[in-house]
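One structure is given here, and the rest of the page talks about it.
The values are calculated or read from the model by the stated rules, or taken from the named source; none is laboratory data. Fair warning: this is a prediction, and the values are worked out from it, not measured in the lab. Cβ sites come from the backbone with ideal geometry, for glycine too, and all protein chains shown count toward neighbours. Just so you know, the surface numbers come from the protein's heavy atoms only, side chains and all, with ligands and any DNA or RNA stripped out. Shrake-Rupley method; radii C 1.70, N 1.55, O 1.52, S 1.80 Å.
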Amino acid sequence: MKPNRSSCLSLCILAIGLTMGATASAQSSPTAAELKNAAAKAPTTADLQKGDPGGTITGTINDVPVSDSKVGPTLPDVANQVGQNKIGINFTWTLIAGFLVMFMQAGFAMVESGLCRVKNANHTYMMNFVVYGCGLFAYWLLGFAIQMGGAAGNANLGGLNPLSSEHTLSLFGKTWGLFGQTGYFLSGHAYDVGVMVIFLFQMVFMDTALTIVTGACAERWKFLTFCVSSVIMGAVTYPLFANWAWGGGWLSQLGSNLGLGKGYCDFAGSGVVHSVGGLTALAVAMMIGPRIGKFNRDGSSNPIIGHDISAVLIGCFILAFGWFGFNPGSTLGASANGNLRIGSVAVDTMLAGCTGTFGAMLYMWITKGKPDASMSGNGLLAGLVAITAPSGFVSATGSAIIGFIAGVLVCVSVAFVENVLKVDDPVGAISVHGTNGLWGVLSVGLFADGTSNYGGSWNGVTGSVTGLFYGDASQLAAQLIGISTLLGFVFTFSFLLNLALEHFVGHRVSVETEVAGLDLPEMGQLGYPEFVFRPEPEFAAA
């Protein structure tokens, strides 16, 4: 049977199309001959031996590993090198950021010790030193798997495909993540280059949360109980909420499952790190009680002055420096997927710290008559805490506003915690991290401007994170659910775990130990052995 004219015309068009496509492909893709020609024209060893002061001939096609030395470089070889370069850049950026966050431990140690009395300096420094080991060990054993065991899919770090098992619950016809199930001991399939990178980065974030508690409970916390409490927090409390927010858990699914914005959004951890640490600090500080002499019989409070304001302010600068790992590092890369926004994240971080300092300093200057140094330092930290969640989603103007509000808020919160709640917090950790962590989470739902583009989606929902002021009220709803979870679950869970420790071990040192100072009774050595201590005020023994 003869084909009709219509069929012949269709076949001709198809043939022409295939020919043109093949020609275009050949023109756009380098041939093996072209790649070999490029390799032949590359600088020779003799050229490189003459030196390359301008850096114009170092790094050529001859530096691309080839699969077959007889054939030379091929298109797959070049493409694989491009992919490895992308992942290598992102690995390097994430690791360096993690190293910066680890150095924040030194800043925390200086701030906390400086705000405490000299007789407790060694004990306070040791808590900040040992918390690193306690947290790391617990996170390696258990915490990392709970947090990140179901977090596969991050294209910045090669996919993290070994982390592919999340324990889920089916509810209202939707699947909700509860906790991860792979990565214990970093063994088995978790013995993977990408998994190691994300482990290091997430571990130092976890350890920051643990360190917050030591400040609020300083000068009266048993060292043994502190160690056990830190291990429990690093193994269970922190990883659970971190999974819900960052590990594919149910808070991150509020957008995909319920249509609430892009789900709970916390770019670098105002909620996950700082609120979890601050609310745990509140729970333990309430249980352990105030330092001897902090409150009078009529409920009024007495100032207990720290021994070294210079250490406090130097520590604040160290923390501000480390925050450049905390926030910009949370892109988990510097190449592709919208990661060039790291510059904006860094500037937002700087601005919020600056305006936070101004907010606290002006508030104290106006209300107390002097620009209090310790509260100015806390204002810097409050601004940095508050911008941590929204730093990847807001403009420079938005970050400045968020930081200034945080600076004022920390002063108001410190007074509220001390005079209304009657909780003794020697360093203001509850207000800096707890209160302003919650403010940071809330500010995402208000100030996120919809301009960020991290691969075209966030938490599996297409589009950019957009807050109420830019047209998406549902994002605010997701953030409020996150805040409710922090207040309702994290605080309660932390309180109950530490209540068990109170029953079996006890949190507080004896009266004699507290009055004498914790350095000798608890640690066996004074922090400053050449200092001559002044007698405690009479109310100290009351």
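What does segment 348-408 give for Rg and for Dmax, in Å, if only its C-alpha atoms count?
For segment 348-408, the Cα-based Rg and Dmax read 10.9, 37 Å.
Cα axis of helix 121-138 to longest principal axis of the chain: angle in degrees, 0 to 90, nearest 10?
Value to nearest ten degrees: 40.
Principal axis extents for segment 248-331, Cα atoms only, whole Å, descending order, please.
53, 33, 17
So what is the accessible area of segment 249-360 per residue, in Å², with the probe set to 1.4 Å?
Details: 3530 Å² over 112 residues.
Value for segment 249-360: 32 Å² per residue.
Ratio of segment 104-255's C-alpha Rg to 2.2 N^0.38 Å, to two decimals? Present the calculation step by step, with values, prior to reporting the outcome.
Values: Rg = 17.2 Å, N = 152, 2.2 N^0.38 = 14.8 Å.
This ratio for segment 104-255 stands at 1.16.
Beyond 48 Å, how much of the Cα-Cα pair distribution for the chain remains, as a whole percent? Spell out each step's value before the answer.
Details: 31866 of 146611 pairs.
Counting every Cα pair in the chain, those more than 48 Å apart make up 22 percent.
Can you tell me the accessible area per residue over segment 404-460, all protein chains present, probe 1.4 angstrom, in square angstrom?
On the way: 1820 Å² over 57 residues.
Per residue, segment 404-460 has an accessible area of 32 Å².
Leaving out ligands, DNA and RNA, what percent of the accessible area of segment 440-537 is carbon and sulfur, probe 1.4 Å? Display every interim value, and only then the final one.
Details: 3170 of 5050 Å².
Its accessible area is 63 percent carbon and sulfur atoms.
Remind me, relative contact order of the chain in percent, using alpha carbon pairs under 8 angstrom and six or more residues apart?
Working: 1057 pairs, mean separation 100.2, N = 542.
Across the chain, relative contact order equals 18 percent.
Could you please state, rounded to a whole Å, how far the C-alpha centre of segment 297-343 is from the C-alpha centre of segment 378-451?
So the separation of the two Cα centres works out to 12 Å.
Report the local net charge at W458: Lys and Arg +1, Asp and Glu -1, summed over other residues whose C-beta lies under 15 Å from its C-beta. Walk me through the intermediate numbers first.
Numbers: positive: K262, R341; negative: D266, D449, D472.
Local charge sum for W458: -1.
Compute the Rg/Rh shape ratio of segment 347-495: radius of gyration over Kirkwood radius, all on alpha-carbon atoms.
On the way: Rg = 16.0 Å, Rh = 15.7 Å.
Reported Rg/Rh, Kirkwood definition of Rh: 1.02.
Going from the alpha-carbon gyration tensor of segment 417-542, what semi-axes, largest first and in whole Å, does one get by taking the root of 5 times each eigenvalue?
Numbers: eigenvalues 414, 62, 46 Å².
Gyration-tensor ellipsoid for segment 417-542: 45, 18, 15 Å.
What pairs from K222/K294; K222/K368; K50/K70; K119/K370 go past 25 Å between their alpha carbons? Don't jump to the answer; show the numbers that get you there.
Numbers: K222/K294 19 Å; K222/K368 35 Å; K50/K70 28 Å; K119/K370 28 Å.
Result: K222/K368; K50/K70; K119/K370 exceed 25 Å.
Report, in degrees rounded to the nearest 10, the 0 to 90 angle that the Cα long axis of helix 436-447 makes with the longest principal axis of the chain.
So the helix axis and the longest Cα principal axis differ by about 40 degrees.
For segment 64-213, what % of the accessible area comes from carbon and sulfur atoms, probe 1.4 Å?
Numbers: 4340 of 6270 Å².
The value for segment 64-213 is 69 percent carbon and sulfur by accessible area.
For segment 260-270, take each phi angle, set θ = phi - 60°, evaluate the Karplus expression 6.51 cos²θ - 1.76 cosθ + 1.60, and give the result in whole Hz per residue in order, putting x for glycine and proline.
8, x, 9, x, 4, 10, 8, 3, 10, x, 3
Can you give me the angle between helix 396-419 and the longest principal axis of the chain, using Cα atoms only, in degrees from 0 to 90, rounded to the nearest 10?
30 degrees
Cα-Cα pairs above 21 Å in segment 42-175: how many percent?
Numbers: 6223 of 8911 pairs.
When all Cα pairs of segment 42-175 are counted, 70 percent exceed 21 Å.
Could you work out the Rg to Rh ratio of segment 305-360, with Rh taken as the Kirkwood radius (inverse of the mean 1/r over all Cα pairs)?
Numbers: Rg = 14.4 Å, Rh = 12.8 Å.
Dividing the radius of gyration by the Kirkwood radius yields 1.13.
Starting at the first residue of segment 337-351, write each ³J(HN,Hα) from the Karplus equation 6.51 cos²θ - 1.76 cosθ + 1.60 with θ = phi - 60°, in whole Hz, x for Gly and Pro.
Per-residue couplings from phi come out as 6, x, 6, 5, 6, 4, x, 5, 4, 5, 5, 4, 4, 4, 5 Hz.
For the ranges 176-182, 163-169, what's the packing order if you count other beta-carbon atoms within 10 Å of each residue, average per peptide, and put the highest first? List each step's numbers first, then the result.
Details: 176-182: 20.0, 163-169: 18.0.
Highest mean packing first, the order is 176-182, 163-169.
Karplus couplings for segment 289-294 from phi (6.51 cos²θ - 1.76 cosθ + 1.60, θ = phi - 60°), rounded to Hz, Gly and Pro as x?
Values, residue by residue: x, x, 5, 4, x, 6 Hz.
So, counting K/R as plus one and D/E as minus one, what does the shell of residues with Cβ under 15 Å around G315 add up to?
Numbers: positive: none; negative: E112, D308.
Net local charge, G315 excluded: -2.
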